[in-house]
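*Asks:* Here it is: the structure, laid out below.
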Amino acid sequence: MIRALIVDDEPLARRNVTAMLADEADIEVIGECASGGEAAARIRAERPDLVFLDVQMPDGDGFDVLESLGCELPSAVVFVTAYDRYALRAFEVGAIDYLLKPFDQVRFAKVLARARDWIGQERNGEKSRDARLAVKSAGQVLLVKVAEIDWVEAADYYVSLHVAGRTHLLRRSLADLEKELDGQGFCRVHRSALVNLDRVTGLSTDEEGDYRVELTCGARLRLSRSCRRQVQEKLGL
């Protein structure tokens, strides 16, 4: 079964999608949401395979929803909106398709076929979906692969993702992001920074005898005493 969630602030729009899914034996509609905040909470809690996501909603638009989810993105996202100007951004954040209201059953059937194929390939291990983070940058929404992040730094109510010489701001606390990245090769080096252990070339000491973590990007980050043992163990030192 494919578990689907419908997100739209218009009740009629939600009923329309629900009705079109009614005769699909392999799709279970697990619920409906009318706002961005509700959608993000429901996706985290129930982890649907397929999300039909409106763009303009109260309490955060569809892009805000994906950004807030961090690494917990659904397998397949279909944007549903009355505005075609969002199409490019939708595909930039990894949507598999884009339904422009009003749409008919023929167009909807094509979207479902694509969703089934996408989810089926992922379940069969044919499609590698590296963990990603959706971040807003220069008026765009970008997908950043977690494996390509060099290090992460706390910045007030945000975190800075340092990736290949570029920096992206993400609306997340460092503690929350650390939990999301658990098991993906990241380790805290001091109170305000995490490093991708795959990017570490070694440890060094400065003139005062304090340890530094050397990264492939050239950064040298302070390694606090409280984090030193954990980092050394994870690096096999």
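Taken together, the values in this text are just the output of simple stated rules run on the coordinates, not laboratory data. Since we're looking at a predicted model, the values are computed, not measured. Neighbour counts run over all protein chains shown; Cβ positions are idealised from the backbone, glycine included.
*Asks:* If you average over every viewing direction, what projected area does the convex hull of the Cα atoms of the chain give, in nm²?
*Replies:* Answer in nm², one decimal: 14.4.
*Asks:* Check which residues have an amide H placed less than 5 Å from Ile27's amide H, if you skip close sequence neighbours.
*Replies:* Close amide H contacts, sequence-distant or interchain: Ile2.
*Asks:* Looking at the chain, identify the longest residue range that excludes and avoids all chymotrypsin sites (Phe, Trp or Tyr not before Pro) in DSSP loops having at most 16 other Cβ atoms within 10 Å.
*Replies:* Segment 1-82 is the longest.
*Asks:* Report, in deg cm²/dmol and to the nearest 500, the calculated mean residue ellipticity at 222 nm for the chain, where each DSSP H run with n ≥ 4 adds -39500 (n - 2.57) and the sum is divided by the residue count.
*Replies:* Computed mean residue ellipticity for the chain: -9000 deg cm²/dmol.
*Asks:* If you keep only loop residues by DSSP, which trypsin sites (Lys or Arg not before Pro) in the stretch 137-237 have at most 11 other Cβ atoms within 10 Å of their Cβ?
*Replies:* Passing both the DSSP loop test and the Cβ count: Arg191.
*Asks:* DSSP beta bridges in the chain, what fraction antiparallel, as a percent rounded to 5?
*Replies:* Once the DSSP bridges in the chain are tallied, antiparallel ones form about 60 percent.
*Asks:* Sticking with this structure for a sec: Over the chain, what is the relative contact order in whole percent, taking alpha-carbon pairs under 8 Å and six or more residues apart?
*Replies:* 11 percent
*Asks:* Using only Cα atoms, find the angle between the long axis of helix 225-235 and the longest principal axis of the chain, and express it within 0 to 90 degrees, rounded to the nearest 10.
*Replies:* Here the helix axis deviates by roughly 70 degrees.
*Asks:* Using a ≥ b ≥ c from the Cα gyration tensor of the stretch 143-204 (square roots of the eigenvalues), is it rounded, prolate or oblate, where a/c under 1.5 gives rounded and otherwise the larger of a/b and b/c decides, a/b for prolate?
*Replies:* Rounded.
*Asks:* Based on the Cβ-Cβ distance of Asp26 and Ala175, what FRET efficiency does E = 1/(1 + (r/R0)^6) give at R0 = 35 Å, to the nearest 0.05?
*Replies:* So the FRET efficiency works out to roughly 0.35.
*Asks:* Same structure again: Can you compute 3J(HN,Hα) from phi for each residue in the stretch 101-116, using the Karplus curve 6.51 cos²θ - 1.76 cosθ + 1.60 with θ = phi - 60°, rounded to whole Hz and x for Gly and Pro?
*Replies:* Those phi angles translate into 6, x, 10, 9, 5, 5, 5, 5, 4, 5, 5, 4, 4, 5, 5, 4 Hz.
*Asks:* Across the chain, how many lysine pairs, 8 or more apart or on two chains, come within less than 24 Å at their alpha-carbon atoms?
*Replies:* Counting lysine pairs in the chain gives 8.
*Asks:* Mind checking the dipole of the chain: about its Cα centre, +1 per Lys or Arg Cβ, -1 per Asp or Glu Cβ, Debye to the nearest 20?
*Replies:* Using Cβ point charges on Lys, Arg, Asp and Glu, the chain gives about 500 debye.
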